[in-house]
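First the structure, in the form of structure tokens, and then the observations on it.
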Amino acid sequence: MTFPRTTPTPADPGQERLAWLALALVPGLGPRRLAALLSRFGSPAQILGAPADALADVDGISRTLARCVASPPLDRAREVLALAAARDQVLL
């Protein structure tokens with residue numbers, strides 16, 4: 001199954017920050033795999049919006065990792081951002 005490459009769209013900076021952090025919290029998603037996903041989907045938010053089948057179609061992304069990326073730890077990412085904001089720290 002082949003999925004077309006999506007075109008990046010302007011995103012809310014807060015949502016992009018949340019998406020970057022959520023992806024950073026996915027176990028096993030290192031810089032090479034993240035770069036492959038960014039190359040295919042264009043932005044962190046679009047990666048998170050992609051179905052697991054589309055993610056698994058990217059070289060180096062296993063079905064297991066694709067399922068993890070498709071269900072990222074958004075709640076944990078929100079907690080980290082809230083904690084940083086409470087401490088007047090800026091992430092990303």
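Points to keep in mind about this one:
- Selection within segment 54-63 - in contact with a Phe, Trp or Tyr (Cβ under 9 Å, 6 or more places away or on another chain), in contact (Cβ under 8 Å) with a residue 24 or more places away in the chain and closer than 20 Å to L74 by Cβ: A54
- Contact annotation: residue pairs with Cβ atoms under 9 Å, 6 or more positions apart or on different chains, pairing a residue in segment 14-43 that is more than 17 Å from L74 (Cβ to Cβ) and in a loop (DSSP other than H, G, I, E, B) with a partner that is basic (K, R) and open to solvent by 40 Å² or more (accessible area, probe 1.4 Å), are G42/R5.
- Within the set A45, A22, the sole residue that is touching a helix residue (DSSP H, G or I) at 6+ places or on another chain (Cβ under 7 Å), open to solvent by less than 20 Å² (accessible area, probe 1.4 Å) and under 23 Å from V90 (Cα atoms) turns out to be A22.
- Among the candidates A56, A66, A85, A35, residue that is farther than 15 Å from G14 by Cα, open to solvent by 40 Å² or more (accessible area, probe 1.4 Å) and among the aliphatic types (A, V, I, L, M): A35
- Considering segment 69-81, the residues that are of a type in the set (A, V, I, L, M, F, W, C) and open to solvent by 20 Å² or more (accessible area, probe 1.4 Å) include one that is nearest to G14 (Cα to Cα), namely L81.
The values are calculated or read from the model by the stated rules, or taken from the named source; none is laboratory data. The structure displayed is predicted, hence computed values, not measured ones. Every residue, glycine as well, gets a Cβ built from its backbone with ideal geometry; the counts of neighbours run over all protein chains shown. All accessible areas refer to the heavy atoms of the entire protein, side chains included, with ligands and DNA or RNA removed. Shrake-Rupley method; radii C 1.70, N 1.55, O 1.52, S 1.80 Å.
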